[in-house]
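These notes are about the structure you will find just below.
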């Protein structure tokens, strides 16, 4: 399969090449890159058919091959022990590409959803990284190199991605994955060798998005969507071709601070009261627009509503409340800007803007809001009572703004580029209808665009922080997650490389979701060879799905690598459930990875439950006995099963003496 994946990658490069047959390598090869030490590191690309291609490194290695009839070539360059910097030169005919400041060290792939994506600078104001200011200030770490794969989706495996290697500095670290940064920094500190971190993640995405079609179709749950994608190839291609007719606005090269500021879609007229919105469609707000006819859509949408203001309201400032808006907004009243949030991180922030008395008119007034959604859910999505207009002197006498609004889609956002539509004709609604969503949440689409282009770049292993998006079907994840790992390992062709992952943290998902089952499935997935799990039961936040302590997350992942891959004598896991023994009216629970002994948290042991044959669980008293936990409950005279931290928000109370928390667990397998 590895050969097949490489064949796809090289074929993709061929399709993207110009007529000049120029020497071409994927973006993963650049100045400042890190190559995996002591291995045969793959170099690949395209040249003129039949041309001699050479790769030479100034540590004394020289290789050559001949491009095949399609121009494809591949060489495997032996790398030395960790060190550098080096220069590598690739030549084909008269063309030459020189890569400088190349280090040899340990290369790790870092992937998952938003908790892996969350940058060291955080997503202010709500999602902050603890200790980020100091970490960023001290991030002058030239032996650490960073590569971030730009967001992209595809229905077929791509040959290349967007990104470049950069030395770790305060500027580059600030926007890089916090979890990956702390993982890499820990390895660098303990090993004193170069570390290369390849970050490829996308918030809110499920594991099936990161799995190839070839593997995913082996699961009956996913075979229909894989077949549907295959059948939709023609319409997807027509949709992508349809987009190319429109002007574009590329924001991928802007800084995080300025990326979303003052975006110009030639749409300024949409805020004017006299602008005709007669052709606009309607949407009942508040709602995530993904739940409407608009569907899975990232981009810019205008909303307008005309309201009647009573005469007695004039002459006084008013307050406009719109609730939270996902992600950004510019809000106008009678054509004048009254407020905006144009940076990421404010999607949970209720919008409250003052309307100057000078803008209030007796009779008809127009509220216009431009929403920009860059990923995930989008729109004015709060509660109906949060949408209102009122006078500060009489807040109880408010005008409700919930209900029907008019809307117009003015730009679609894909892979860092806005495709800008005209303001007439409801252009977006004329797009070719595609049977599947062209979305990061669609099965296989992220494997194709953000994993396949990296294969077969030599890596040491992978770290993974994901699972929140799969809490709706834990039993499915039990097969899906190991399948994805097997997929990556087989396609890379490096054997069972290390794969370390984070167990999801406690969060209030709501009664309909039982995230503890997903956590337990993650625990069970430790039966995957050469895998490891970092537990976060003690560092979650029940009201924030993006907990701020990423330092310990990165360190705990690094402990697995240090112990398993670099032979350091460290305790690398918290206690993991092994088995139970029933003794009369109590249960004795045995654990692996007790370190130098079990320990209770500051408030003692809690969140233990036991049940009898009736399957009814009751809170239990727990105590330590050497490296076992003894559990009993007054209401259960003949216990048969025990559970620990078995809820969405239960936190840790059981640790080993090294301070690593035990995973939640259950001894039963009863249906929920």
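The values are calculated or read from the model by the stated rules, or taken from the named source; none is laboratory data. The structure presented is a predicted model; accordingly, all values stated were derived computationally and were not measured. Cβ: placed from backbone, ideal geometry, glycine included. Neighbour counts: every protein chain shown.
Some notes on this structure:
- All strands (runs of 3 or more DSSP E) inside the range 118-216 with 3 or more residues being touching a strand residue (DSSP E or B) at 6+ places or on another chain (Cβ under 8 Å) and buried (at least 22 other Cβ atoms within 10 Å of the Cβ): 141-148, 195-201
- Taking residues in the range 281-294 that are farther than 13 Å from residue 383 by Cβ, and partners anywhere that are in a helix (DSSP H, G or I) and modelled with pLDDT under 95, the pairs with Cβ atoms closer than 8 Å and at least 6 places apart or on different chains are 281/429.
- Residue list for the range 349-359, restricted to those being more than 16 Å from residue 285 (Cα to Cα) and under 26 Å from the mean Cα position of the chain (by Cα): 349
Here is a yes/no grid of residues against (1) surrounded by 20 or more Cβ atoms within 10 Å (Cβ to Cβ); (2) not in a helix (DSSP H, G or I):
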{"residue": "520", "(1), (2)": "yes, no"}
{"residue": "532", "(1), (2)": "yes, yes"}
{"residue": "539", "(1), (2)": "yes, yes"}
{"residue": "548", "(1), (2)": "no, yes"}
{"residue": "561", "(1), (2)": "yes, no"}
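So that you can scan it fast, the table gives a plain yes or no per residue for (1) part of a helix (DSSP H, G or I); (2) at pLDDT below 95; (3) in contact with a strand residue (DSSP E or B) (Cβ under 6 Å, 6 or more places away or on another chain):
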position: 246; (1), (2), (3): no, no, yes
position: 252; (1), (2), (3): no, yes, no
position: 256; (1), (2), (3): no, yes, no
position: 270; (1), (2), (3): yes, no, yes
position: 273; (1), (2), (3): no, no, yes
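- Some residue of the range 571-594 being touching a helix residue (DSSP H, G or I) at 6+ places or on another chain (Cβ under 6 Å) and either at pLDDT 95 or above or surrounded by 23 or more Cβ atoms within 10 Å (Cβ to Cβ) (or both): yes
- Matching option when the condition is touching a residue at least 24 places away in the same chain (Cβ under 8 Å) and part of a helix (DSSP H, G or I), among 475, 489: 475
- Residue match in the range 319-341 (condition: in contact with a strand residue (DSSP E or B) (Cβ under 6 Å, 6 or more places away or on another chain), in a loop (DSSP other than H, G, I, E, B), in contact (Cβ under 8 Å) with a residue 60 or more places away in the chain and surrounded by fewer than 21 Cβ atoms within 10 Å (Cβ to Cβ)): yes
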